[in-house]
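K.L.:
Mind looking over this structure? Questions follow.
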Amino acid sequence: MGRYASITAGADGLGLISYWDATSGSIKAAHCVNAICTGATISTLDTGSVGEYTSITIGADGRGLISYYDYANTDLKVAHCGNAACTSAITTTLDGITGDVGYFTSITRGADGVGLISYYDSTNGDLKVAHCGNATCTP
(Lines give C-alpha, C1' and ligand atoms only; values in the text may rest on other atoms or scores of the structure.)
Protein backbone atom coordinates (compact mmCIF):
# COMPACT_ATOMS: atom_id res chain seq x y z
CA MET A 1 0.00 0.00 0.00
CA GLY A 2 1.21 3.49 -0.80
CA ARG A 3 3.14 3.02 -4.02
CA TYR A 4 3.54 5.94 -6.43
CA ALA A 5 2.49 8.43 -3.73
CA SER A 6 2.13 12.12 -4.54
CA ILE A 7 1.30 14.93 -2.10
CA THR A 8 0.07 18.50 -2.21
CA ALA A 9 -1.39 21.00 0.22
CA GLY A 10 -5.15 21.21 -0.18
CA ALA A 11 -7.22 24.38 -0.32
CA ASP A 12 -7.88 23.84 3.40
CA GLY A 13 -4.13 23.84 4.10
CA LEU A 14 -4.06 20.14 4.96
CA GLY A 15 -2.13 17.46 3.10
CA LEU A 16 -3.83 15.60 0.27
CA ILE A 17 -2.10 12.43 -0.89
CA SER A 18 -2.83 10.20 -3.87
CA TYR A 19 -1.39 6.69 -4.06
CA TRP A 20 -1.77 3.26 -5.61
CA ASP A 21 -3.01 0.42 -3.41
CA ALA A 22 -1.38 -2.58 -5.09
CA THR A 23 -3.32 -5.06 -2.94
CA SER A 24 -6.73 -3.91 -4.16
CA GLY A 25 -5.56 -2.53 -7.53
CA SER A 26 -7.11 0.86 -6.84
CA ILE A 27 -6.20 4.51 -6.59
CA LYS A 28 -6.80 6.11 -3.22
CA ALA A 29 -6.70 9.55 -1.65
CA ALA A 30 -5.71 10.36 1.91
CA HIS A 31 -6.78 13.70 3.37
CA CYS A 32 -4.83 14.63 6.49
CA VAL A 33 -6.87 15.39 9.61
CA ASN A 34 -4.38 17.98 10.90
CA ALA A 35 -1.31 19.94 9.82
CA ILE A 36 1.15 17.23 10.89
CA CYS A 37 -0.95 14.46 9.33
CA THR A 38 -1.16 12.16 12.36
CA GLY A 39 -4.25 10.65 10.75
CA ALA A 40 -6.14 10.79 7.49
CA THR A 41 -9.46 10.08 5.86
CA ILE A 42 -8.85 7.39 3.21
CA SER A 43 -11.06 7.14 0.10
CA THR A 44 -11.01 4.80 -2.89
CA LEU A 45 -11.45 6.81 -6.09
CA ASP A 46 -11.23 4.18 -8.84
CA THR A 47 -10.83 0.39 -8.94
CA GLY A 48 -9.88 -2.35 -11.37
CA SER A 49 -6.08 -2.36 -11.76
CA VAL A 50 -5.75 1.43 -11.80
CA GLY A 51 -3.68 4.05 -10.00
CA GLU A 52 -0.05 3.51 -10.87
CA TYR A 53 2.18 6.54 -11.52
CA THR A 54 -0.18 8.90 -9.70
CA SER A 55 0.40 12.65 -9.46
CA ILE A 56 -1.75 15.24 -7.67
CA THR A 57 -2.32 18.99 -7.79
CA ILE A 58 -5.02 21.38 -6.63
CA GLY A 59 -7.18 22.86 -9.37
CA ALA A 60 -8.45 26.42 -9.62
CA ASP A 61 -11.68 25.22 -7.97
CA GLY A 62 -9.74 24.19 -4.84
CA ARG A 63 -10.26 20.47 -5.40
CA GLY A 64 -7.69 17.78 -6.02
CA LEU A 65 -6.90 16.76 -9.59
CA ILE A 66 -5.08 13.44 -9.93
CA SER A 67 -3.50 11.88 -13.02
CA TYR A 68 -2.75 8.15 -13.09
CA TYR A 69 -2.25 5.06 -15.23
CA ASP A 70 -5.05 2.56 -15.87
CA TYR A 71 -3.15 -0.74 -16.15
CA ALA A 72 -6.21 -2.79 -17.13
CA ASN A 73 -7.02 -0.62 -20.15
CA THR A 74 -3.54 0.89 -20.77
CA ASP A 75 -4.94 4.43 -20.56
CA LEU A 76 -4.13 7.79 -19.01
CA LYS A 77 -6.87 8.74 -16.56
CA VAL A 78 -7.65 11.69 -14.32
CA ALA A 79 -9.74 11.94 -11.17
CA HIS A 80 -11.31 15.25 -10.14
CA CYS A 81 -12.12 15.27 -6.43
CA GLY A 82 -15.70 15.99 -5.45
CA ASN A 83 -14.68 17.97 -2.35
CA ALA A 84 -11.61 19.25 -0.48
CA ALA A 85 -11.21 15.94 1.38
CA CYS A 86 -11.43 13.98 -1.91
CA THR A 87 -13.88 11.44 -0.50
CA SER A 88 -15.26 10.99 -4.02
CA ALA A 89 -14.15 11.79 -7.55
CA ILE A 90 -15.24 11.89 -11.17
CA THR A 91 -12.83 9.79 -13.24
CA THR A 92 -12.18 10.35 -16.93
CA THR A 93 -10.02 8.63 -19.54
CA LEU A 94 -7.91 11.33 -21.22
CA ASP A 95 -5.87 9.23 -23.62
CA GLY A 96 -6.36 5.62 -24.51
CA ILE A 97 -7.79 5.35 -27.97
CA THR A 98 -4.71 3.63 -29.34
CA GLY A 99 -1.72 2.07 -27.67
CA ASP A 100 -0.34 1.86 -24.17
CA VAL A 101 -0.27 5.38 -22.69
CA GLY A 102 -0.21 7.01 -19.27
CA TYR A 103 3.05 5.92 -17.67
CA PHE A 104 5.02 8.25 -15.36
CA THR A 105 2.35 10.97 -15.14
CA SER A 106 3.03 14.40 -13.69
CA ILE A 107 0.31 17.01 -13.23
CA THR A 108 0.25 20.72 -12.45
CA ARG A 109 -2.20 23.55 -12.77
CA GLY A 110 -1.48 25.57 -15.89
CA ALA A 111 -1.47 29.36 -16.22
CA ASP A 112 -5.12 29.13 -17.32
CA GLY A 113 -6.05 27.33 -14.07
CA VAL A 114 -6.74 23.88 -15.54
CA GLY A 115 -4.75 20.68 -15.44
CA LEU A 116 -1.63 20.16 -17.53
CA ILE A 117 -0.34 16.58 -17.59
CA SER A 118 2.84 15.06 -18.96
CA TYR A 119 3.06 11.30 -19.48
CA TYR A 120 4.79 8.57 -21.45
CA ASP A 121 3.33 6.85 -24.53
CA SER A 122 4.92 3.38 -24.35
CA THR A 123 3.59 2.28 -27.74
CA ASN A 124 5.34 5.08 -29.64
CA GLY A 125 8.14 5.85 -27.19
CA ASP A 126 6.97 9.47 -26.89
CA LEU A 127 6.57 12.07 -24.19
CA LYS A 128 3.05 13.50 -24.42
CA VAL A 129 1.17 16.39 -22.83
CA ALA A 130 -2.55 16.64 -22.14
CA HIS A 131 -4.19 19.99 -21.45
CA CYS A 132 -7.57 19.80 -19.71
CA GLY A 133 -10.36 21.80 -21.29
CA ASN A 134 -12.01 22.65 -17.96
CA ALA A 135 -11.47 22.47 -14.18
CA THR A 136 -12.86 18.94 -13.90
CA CYS A 137 -10.81 17.70 -16.85
CA THR A 138 -13.87 16.10 -18.41
CA PRO A 139 -14.95 16.21 -22.06
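K.L.:
Please determine, by comparing only the residues of segment 96-109 that are surrounded by 14 or more Cβ atoms within 10 Å (Cβ to Cβ) and over 14 Å from the mean Cα position of the chain (by Cα), which one is modelled with the lowest pLDDT.
P.N.:
Of everything passing the filter in segment 96-109, GLY96 is modelled with the lowest pLDDT.
K.L.:
If ASN73 meets every condition in (1) among the polar types (S, T, N, Q); (2) closer than 22 Å to LEU94 by Cα; (3) part of a strand (DSSP E or B) apart from one, which number is that one?
P.N.:
For ASN73, the exception is condition (3).
K.L.:
For segment 122-139, give me each residue that is within 21 Å of SER6 (Cα to Cα), assigned to a strand (DSSP E or B) and either without any contact (Cβ under 8 Å) to a residue 24 or more places away in the chain or not hydrophobic (A, V, I, L, M, F, W, C) (or both).
P.N.:
LEU127, LYS128, VAL129, HIS131
K.L.:
Hey, can you tell me all the residues within segment 111-131 that are out of contact with any His (no Cβ under 9 Å at 6 or more places or on another chain), surrounded by 12 or more Cβ atoms within 10 Å (Cβ to Cβ) and not polar (S, T, N, Q)?
P.N.:
Selection gives GLY113, TYR119, TYR120, ASP121, LYS128, ALA130, HIS131.
K.L.:
If you don't mind, another one. So which of SER55, SER43, SER18, SER24 is surrounded by fewer than 20 Cβ atoms within 10 Å (Cβ to Cβ) and assigned to a strand (DSSP E or B)?
P.N.:
SER43
K.L.:
Could you tell me which of the residues ILE90, ILE97 is within 28 Å of THR23 (Cβ to Cβ) and either outside any loop (DSSP other than H, G, I, E, B) or out of contact with any Lys or Arg (no Cβ under 6 Å at 6 or more places or on another chain) (or both)?
P.N.:
On inspection, the qualifying residue turns out to be ILE90.
K.L.:
Further question: Give the number of residues within segment 3-18 that are out of contact with any His (no Cβ under 8 Å at 6 or more places or on another chain) and either touching a residue at least 40 places away in the same chain (Cβ under 8 Å) or closer than 12 Å to VAL50 by Cβ (or both).
P.N.:
So the answer is 10.
K.L.:
I would also like to ask the following. Of all residues being touching a residue at least 24 places away in the same chain (Cβ under 8 Å) and assigned to a loop (DSSP other than H, G, I, E, B) in segment 100-121, which is farthest from LYS28 (Cα to Cα)? Just the residue, please.
P.N.:
The residue in question is GLY113.
K.L.:
Out of the residues in segment 87-125 meeting the condition of being out of contact with any strand residue (DSSP E or B) (no Cβ under 8 Å at 6 or more places or on another chain) and among the small types (Gly, Ala, Ser), tell me which one is farthest from GLU52 (Cα to Cα).
P.N.:
ALA111
The values are calculated or read from the model by the stated rules, or taken from the named source; none is laboratory data. Quick caveat, the model's predicted, so the values are computed rather than measured. Cβ atoms come from the backbone with ideal geometry, glycine included; neighbour counts cover every protein chain shown.
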